[in-house]
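Enquirer: Okay, handing you the structure first.
The values are calculated or read from the model by the stated rules, or taken from the named source; none is laboratory data. Given the structure is predicted, the values throughout are model-derived calculations rather than measurements. Methodologically, a virtual Cβ is constructed for each residue, glycine included, from the backbone with ideal geometry; neighbour enumeration extends over all protein chains shown. To get the accessible areas, we keep the full protein, side chains included, count just its heavy atoms, and leave off ligands, DNA and RNA. Shrake-Rupley method; radii C 1.70, N 1.55, O 1.52, S 1.80 Å.
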Amino acid sequence: MGKGILIAVVVAALSAVTYLKLVRPILEVPPVPKLGDTWWGAGDPTKEDTKIHPFKINVSDEILKDLQQRLANALPFQEPLENAKQHYGINTKHLKNIVNFWRTKYNWREREKFLNQYPQFTVSVQGLKIHYLHIKPKETKGLKVLPLLILHGWPGSIREFYEMIPFLTTPQKGRNVVFEVIVPSLPGYGFSDAAVRPGLGAVEMAVVFKNFMSRIGYEKYYTQGGDWGSIIVQHMATLFPEKIKGTHSNMCFVNTPLANVKEFIGSIYPPLVIEKENELAAYPLSNKFYYLMLEMGYMHLQATKPDTVGVALRDSPVGLAAYLLEKFSTWTNPEWKSLDDGGLTKKISLTNLLDNVMIYWVTRSITTSMRLYSESFNIAQMNLKVDRIPIEVPSGCARFTKELAFPLEWVLKDKYKNLIHLTDLEGGHFAAFEEPKLLAEDIYVFAEKVENPKKTD
Amino acid sequence: MFKRPPPLIAPNAPRGRSLFVSSLRVEPFPGYRIKSVFEPPPLPKLDNETWWGIGPPNDDWKTKLLIFPLNITVPSEILEYLKWRLDTHRPLTPPLEGMAHQYGMNTKLLQEVIDYWKTEYNWTERELFLNQYPQYKLNIQGLHIHVVHKNSFEDGYKVVPILLLHGWPGSVREFYELIPYLTKPQEGRKIIFEVIAPYLPGNPNNLVLRILSSGGQAGPGGGPDGRPLQEPHGQARLRQVLCARGDFGAVILHHMAVLYPESILGFHSNMCVVHTPRAFLLNLLGTVFPSLNVRPDHHDRLYPLSEYFQRMLRETGYLHLQATKPDTIGVAMNDSPIGIAAYFLEKFITGTNRTWQLREDGGLKEAFSYRDLIDNIMIHWVTQSATTAFRLYAETFNKAHHGLGIMRKALFVVVWSRPSHPVRVPTACARFKYDFYASDAALRELYPNLLQLTDHEGGHFAAFQLPELFANDLYDAVEKFEEYHKNNVKTE
């Protein structure tokens, strides 16, 4: 009898300790951090010019001539190994064709006109000049106009959205809303300024964009993002829910200990946590882990030594093209690693891909763009624990099947407490670029759900 | 018919059970399974006849060894192109406010080095310097191997042949200051060395641009690399040699000592690392009982373990990228001299003394001259060997290599594997303070015949940084090896 009580006491004590030390920390929700408005620029904070200025892309002849010379004089590439395809990185036989096209057929002045088709502006926020597109719908009769902030990621840019914007800003059949689209370049990317002091990680960027939207006159709006864009809009919804009417992402992302535990538990019997047709996108975990290890080398390097690798990428256009285009091949469809040309132009034309590379090249922004990784993956940022705070604003997730990671619904619901929209779509990481109409439609469906909430599903 | 190397890319894993279920499989003899984790896997049978070169081999490639003497002569077009690239490089991105090298290469320092390179560095002089030692080109298994071979003939001294292997981002240049100490009589020593220092395949190997580079096929990795290097010694009638070096050189030599112990008189390394499961456990145990694992004065080299892992994580981005996408990053490195300079110099700063990352000047001048560092960078630049050098990482750290059994995945760190078979030939380890660390207890597992273990101030590029000290350590070690062999004549 005594022994029974003793055992019960020991078990209770062990359970209490396990709960306090292991379980509770995993489940605890930290408070929302209060972040100030750090001055990221070089100028005088008291003399900030808060006016909105119109902007047009106009690259100097000198930069274009320099580029031509570098492309023409690039040394021959190292031949790929026999049958290497894309398994050792981009296949240089194919890269040779790309560089030829870039040198001889790609016409930047034409592309500049293309890029300038949408109204562009710049405005200073916390010391950084932010460049953005601002497209207001022309036809609005009978439609509700919704402001929509779209954020890009790496190695993307505002270019990714050019084909999608018309679908969002012109009336679509059967819809009762239309969008007013605002597409900025992230600080350190493209035509936006970069921070001069350390600390501008994804969480701080959320602060910058909240202030950006206020400065250009929007206090309540929709957000959409992929890649870093999805992380930043996620943080905006966490930190400033009162500003966000609804948040949509094509790379919904949950980074908490509990998420990892749930994924692991799900591996015992995946059909319990994931639909059969999607099972291979998330399991077996060993395959997923191996795939991530194979693809995350760039992230590991950029999160630790962005300035080092940036020197070469800023000095070599062919090097920059190789580095960026490899992602557009593998992240659109991982199976394309077994193709000689990496399937690069199967979904996005070479001209469009080079537009994106050019934005990095003519602005010389590759180094500052990579710093986002080291600014976000460090102890100071992670200690803010913003990832662990759930989002209450209406959320929508479009899960693309060939995306780098496929989140379980079971896991998403912990972070996106108000997940009113979840779809699975065919496509890869650069969803807006690859499938502009598909993604636009999904955004419409989500927005209409937010605007017209039904009592029952 | 010659043989092609086996495909190194693992086929897509068949749809199988998930991770968790597999580990739930009932194990009939769990004790045996645990034990087998600690034992090295059986030695692989490697094929001495793999053809690594481009195109079909000649009929007599197995029997005839071709040796050509050569000098480094870089055509003037290459030098003019380099000058143009250095003159027209884009302005560098300034570092973040208040930062030295925490985000990588500090461009203020880089500008200083580039200015030196543009104005004071004189390649013609340096070419003469590099050509001071006799050099040859050998054809091994389809690869052109460039070797520096300095012999010595001194009355009254026993000549011992030694194979020096460099690593990444190094080259034979690292040994140029060391070689005179090895080939000229030293006071109080009775031996003298005949130095054989090849450039690793894929590492600077072709001294004229656009010559077909070695390694047309996937491979050679840190394992099989040992084989091609075996040949010249067999052919040159040097059946028993010593080896010395660090970084990849150490890894390759370790494999050679394991696979061909009959050819290795002794093995000296300045990067003895042990990443076996047992060593890992010893490290863990040492967090609670340090005396079981490390000496008191070495405690801070490994502990706290969390800091050690953070450090490793912070410094191995390059390894991760090169092990997975060498061809991608290689394009930029082969196309930008300042790019490859930044990439390499960062390693010389961090590898020599990691505290130098906090200094804007990177501390480089305390250990090296800009001139010597640029020699090494030039060797990689004029031969355009960035990509092929990176591929060594991909070939060494991939699944097929693991499948060979000669490398074992260290727990937790899949891409960082190290040799797992013990070396039975006489071994000497020279531990340098800022280099990778292996505790005394761990070393005993992999190097049961460790005849010398010395500790020195210094970093990863030991021979480059401290040639005289390194030479002395080598002499001491070889003397011990000679003693050992004298006393073990019966068993040979």
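Enquirer: With the requirement that a residue be part of a helix (DSSP H, G or I), surrounded by 13 or more Cβ atoms within 10 Å (Cβ to Cβ) and over 26 Å from the mean Cα position of the chain (by Cα), what does the stretch B:118-129 give you?
Expert: Selection gives B:LYS118 alone.
Enquirer: Go through the residues of the stretch A:66-81 one by one and say whether even a single one is exposed (fewer than 13 other Cβ atoms within 10 Å of the Cβ) and acidic (Asp, Glu).
Expert: no
Enquirer: Working only within the stretch B:359-375, note down all residues that are in a helix (DSSP H, G or I) and either within 14 Å of another protein chain (Cβ to nearest Cβ) or at pLDDT below 95 (or both).
Expert: B:LEU364, B:LYS365, B:GLU366 - these are the residues of the stretch B:359-375 that are in a helix (DSSP H, G or I) and either within 14 Å of another protein chain (Cβ to nearest Cβ) or at pLDDT below 95 (or both).
Enquirer: May I ask you to list the residues in the stretch A:1-38 that are in contact (Cβ under 8 Å) with a residue 12 or more places away in the chain and in a helix (DSSP H, G or I)?
Expert: Passing the criteria: A:PRO25, A:ILE26, A:LEU27.
Enquirer: Sticking with this structure for a sec: Of the residues that make up the stretch B:152-164, is at least one at pLDDT 90 or above, in contact with a strand residue (DSSP E or B) (Cβ under 9 Å, 6 or more places away or on another chain), under 23 Å from B:LEU474 (Cα atoms) and of a type in the set (Ser, Thr, Tyr)?
Expert: No, the conditions are met nowhere in the stretch B:152-164.
Enquirer: So which pairs qualify, if the first residue must be in the stretch B:435-455 and under 18 Å from B:TYR484 (Cα atoms) and part of a strand (DSSP E or B), the second must be modelled with pLDDT under 95 and open to solvent by 40 Å² or more (accessible area, probe 1.4 Å), the Cβ gap must be under 6 Å, and the two must be at least 6 apart or on different chains?
Expert: B:LEU451/B:LYS480; B:GLN452/B:LYS480
Enquirer: Of the conditions (1) more than 27 Å from A:TYR222 (Cβ to Cβ); (2) open to solvent by 30 Å² or more (accessible area, probe 1.4 Å), A:SER374 fails just one. Which one is it?
Expert: The single condition A:SER374 does not satisfy is (2).
Enquirer: Kindly indicate the residue of the stretch A:228-252 that is open to solvent by 20 Å² or more (accessible area, probe 1.4 Å) and under 10 Å from the mean Cα position of the chain (by Cα) and also farthest from A:HIS429 (Cα to Cα) among those meeting that condition.
Expert: Restricting to residues being open to solvent by 20 Å² or more (accessible area, probe 1.4 Å) and under 10 Å from the mean Cα position of the chain (by Cα), the top hit is A:ILE231.
Enquirer: Can you pull out every residue in the stretch B:326-348 that is touching a residue at least 24 places away in the same chain (Cβ under 8 Å) and of a type in the set (D, E, K, R)?
Expert: Listed by number, the residues that qualify are B:ASP327, B:GLU346, B:LYS347.
Enquirer: While we're on this one: From the list A:ALA303, A:ALA281, pick out the single residue that is within 11 Å of chain B (Cβ to nearest Cβ), in contact with a Phe, Trp or Tyr (Cβ under 7 Å, 6 or more places away or on another chain) and surrounded by fewer than 23 Cβ atoms within 10 Å (Cβ to Cβ).
Expert: After ruling out the rest, the residue left standing is A:ALA303.
Enquirer: Give me a count of the residues in the stretch A:320-346 that are small (Gly, Ala, Ser) and in contact with a Gly (Cβ under 7 Å, 6 or more places away or on another chain).
Expert: 1
Enquirer: Does A:ASP340 meet the test of being in contact with a helix residue (DSSP H, G or I) (Cβ under 6 Å, 6 or more places away or on another chain) and either facing chain B (nearest Cβ under 10 Å) or of a type outside the set (Val, Ile, Thr) (or both)?
Expert: No.
Enquirer: Limited to the stretch A:56-108, what total is found for residues that are at the interface with chain B (Cβ under 8 Å from one of its Cβ atoms), of a type in the set (Ser, Thr, Tyr) and in contact (Cβ under 8 Å) with a residue 60 or more places away in the chain?
Expert: Selection size over the stretch A:56-108: 1.
Enquirer: What are the residues in the stretch B:294-336 that are within 14 Å of chain A (Cβ to nearest Cβ) and of a type in the set (Ser, Thr, Tyr), if any?
Expert: B:SER306, B:THR316, B:TYR318, B:THR324, B:THR328, B:SER336
Enquirer: Of everything in the stretch A:175-222 that's part of a helix (DSSP H, G or I) and among the aromatic types (Phe, Trp, Tyr), which residue is nearest to A:GLY153 (Cα to Cα)?
Expert: A:PHE209
Enquirer: Of the conditions (1) surrounded by 20 or more Cβ atoms within 10 Å (Cβ to Cβ); (2) under 19 Å from the mean Cα position of the chain (by Cα); (3) modelled with pLDDT of 95 or more, A:PRO436 clears all except one; give me its number.
Expert: (1)
Enquirer: Can you find, within the stretch B:94-110, the residue that is farthest from the other protein chains (Cβ to nearest Cβ) among those that are touching a residue at least 40 places away in the same chain (Cβ under 8 Å) and part of a loop (DSSP other than H, G, I, E, B)?
Expert: Going through the qualifying residues, I end up with B:ALA100.
Enquirer: List the number of the failed condition for A:PRO31; all other conditions in (1) loosely packed, with under 12 Cβ neighbours inside 10 Å; (2) within 14 Å of another protein chain (Cβ to nearest Cβ); (3) closer than 30 Å to A:THR256 by Cβ hold.
Expert: (2)
Enquirer: Restricting attention to the stretch A:45-55, which residues are open to solvent by less than 70 Å² (accessible area, probe 1.4 Å) and either part of a helix (DSSP H, G or I) or without any contact (Cβ under 8 Å) to a residue 40 or more places away in the chain (or both)?
Expert: The answer is none; no residue qualifies.
Enquirer: Identify, please: which residue in the stretch A:261-278 is part of a helix (DSSP H, G or I) and at the interface with chain B (Cβ under 7 Å from one of its Cβ atoms) and is, among those, least open to solvent (accessible area, probe 1.4 Å)?
Expert: Among them, the one singled out is A:PRO270.
Enquirer: Do any helices (runs of 4 or more DSSP H) entirely within the stretch A:303-379 hold 2 or more residues that are without any contact (Cβ under 8 Å) to a residue 12 or more places away in the chain, and if so, which?
Expert: A:306-315
Enquirer: Right, another one. Filter the stretch A:122-174 for residues that are assigned to a loop (DSSP other than H, G, I, E, B), within 19 Å of A:THR332 (Cβ to Cβ) and not polar (S, T, N, Q) and give the result.
Expert: Residues satisfying the conditions are A:HIS152, A:GLY153, A:TRP154, A:PRO155, A:GLY156, A:TYR162, A:GLU163, A:MET164.
Enquirer: Moving on to the next point. Just checking, which of A:ILE359, A:ILE366 is aliphatic (A, V, I, L, M), within 17 Å of the chain's Cα centre (by Cα), surrounded by 19 or more Cβ atoms within 10 Å (Cβ to Cβ) and facing chain B (nearest Cβ under 10 Å)?
Expert: A:ILE366
Enquirer: Kindly indicate whether any position in the stretch B:349-358 is more than 10 Å from chain A (Cβ to nearest Cβ) and either part of a loop (DSSP other than H, G, I, E, B) or within 18 Å of A:MET370 (Cα to Cα) (or both).
Expert: So far as the stretch B:349-358 goes, yes, one or more of its residues are more than 10 Å from chain A (Cβ to nearest Cβ) and either part of a loop (DSSP other than H, G, I, E, B) or within 18 Å of A:MET370 (Cα to Cα) (or both).
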